[in-house]
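Since the structure comes first, as structure tokens, the remarks are kept for the end.
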Amino acid sequence: MDRDTFVARFASVFEHSPWIAQRAWEQGIGPDQDNPDGLHAALCAVLAKADRSAKIRLVQAHPDLAGKLAIEGGLTQESRAEQASAGLDQCSPDEFARFQTLNATYTKRFGFPFVIAVRGLSRAQILAAFEQRVGNDPDQELATALVQIERIALLRIRDLFAAA
Ligand code: GUN
């Protein structure tokens, strides 16, 4: 696989952040790049080495859950599928209102949106995690968001390998 093919294929693994795939390629990727776990480890190593402001921008590149962009149809294909798999496109008016309140409170407190790997979770589980995490301290919450982003990336990589 050449550079452009690799970057085009894996650019979307981290939301709106193709620089992670680009940097991984420039660093020769890893020896295990031809399996999902190996590629995931190589991409996450790039992320781990990035500076704090780049990590914060990565979290900020995520859309709100059940947010305005979702309603307007502006999500990436991956994010739309993930949000739909958790039924976030089918909130009751009450659930929807709770998401809007939590999104606003959370983003004001931390400066980035709430990110959680939603696949396999119910709306009730997501709301419970949201209510718990909104009380975290900022450094702890940034670390938690990055762990969740690494998990989202793993699920996206598995999908790409399964579709190949
Ligand atoms: N969890 C899985 N995908 C997404 C996403 O696109 N945005 C947020 N906030 N969380 C997610």
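Per-structure values
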quantity	calculated
Extended-chain gain in nm, criterion 0.36 nm per residue less alpha-carbon gap, Asp34 and Thr5	9.1 nm
Gain in span if fully extended, Lys108 to Glu72, counting 0.36 nm per residue against the direct Cα distance	10.7 nm
Virtual spin-label span in nm between Ala81 and Leu160, 7 Å along Cα→Cβ	1.2
C-alpha center-to-center spacing [the range 1-42, the range 95-160] in angstrom	24
Size of charge dipole - the range 63-152 - debye, nearest 20, with Cβ of Lys, Arg +1 and Asp, Glu -1, no other charges	60
Protection-proxy order for peptides 104-110, 147-153, each taking the mean of Cβ atoms within 10 Å per residue, highest first	147-153, 104-110
Inter-label distance, nm, simple model (7 Å from Cα along the C-beta direction), Gln100/Ala41	4.6
Degrees separating the helix 36-49 axis from the principal Cα axis of the chain, which is the longest one	80
Gain upon complete extension [Arg151, Gln60; 0.36 nm per residue less C-alpha separation]	31.1 nm
Approximate spin-label separation Asp139-Lys49, in nm, with each point projected 7 Å along Cα-to-Cβ	2.4
Calculated over the chain: convex hull of Cα atoms, volume per residue (Å³)	109
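Values in this text are rule-based calculations from the coordinates and carry no lab data. The structure presented is a predicted model; accordingly, all values stated were derived computationally and were not measured. We place every Cβ from the backbone using ideal geometry, glycine too, and count neighbours over all the protein chains shown.
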